[in-house]
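Asks: My questions all concern the structure below.
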Amino acid sequence: MALQYTELELALNVLVTNFHSASATHADTLTVQEFQNMLSKELPNMVKTSGDQEGLNKLMKNMGMEEGEGVTFKNFWQLVDSLANTQCGLQSKEKQVKCVKCILL
């Protein structure tokens, strides 16, 4: 009997797979260009840095990265966490109501 994954499990697998697929060499880190290409392709509506070097530099600084570093999955996960928190706030019915994850942090 085949294992049935939940939508959340599948989503996590997609995050990991897409990160590693963005590397031309399937390395553990992405170059800045590979990272920017991935953002343009996979998160065009949530991350608006396509073609904007200043925006990309600010985003990477917010992710705790120094100039010239490769982008690790941990760096990428910080971005995902930030986007998820933003999405959580957008989906709450009232601005004063925070989702459980936001409250626990």
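Asks: When you scan region 1-37, how many residues do you find that are farther than 22 Å from GLN78 by Cβ and outside any helix (DSSP H, G or I)?
Replies: Final tally of qualifying residues: 8.
Asks: Among (1) loosely packed, with under 12 Cβ neighbours inside 10 Å; (2) under 16 Å from TRP77 (Cβ atoms), which single condition is GLN53 missing?
Replies: For GLN53, the failing item is (2).
Asks: Would you be able to say whether some residue in region 62-80 is modelled with pLDDT under 85, loosely packed, with under 15 Cβ neighbours inside 10 Å and under 14 Å from the mean Cα position of the chain (by Cα)?
Replies: yes
Asks: Considering only region 62-89, state which residues are assigned to a helix (DSSP H, G or I) and of a type in the set (Val, Ile, Thr).
Replies: VAL80, THR86
The values are calculated or read from the model by the stated rules, or taken from the named source; none is laboratory data. Bear in mind that the values here come from a model prediction, so they are computed numbers and not experimental data. In this analysis, Cβ positions are derived from the backbone assuming ideal geometry, glycine residues included, and neighbour counts consider all displayed protein chains.
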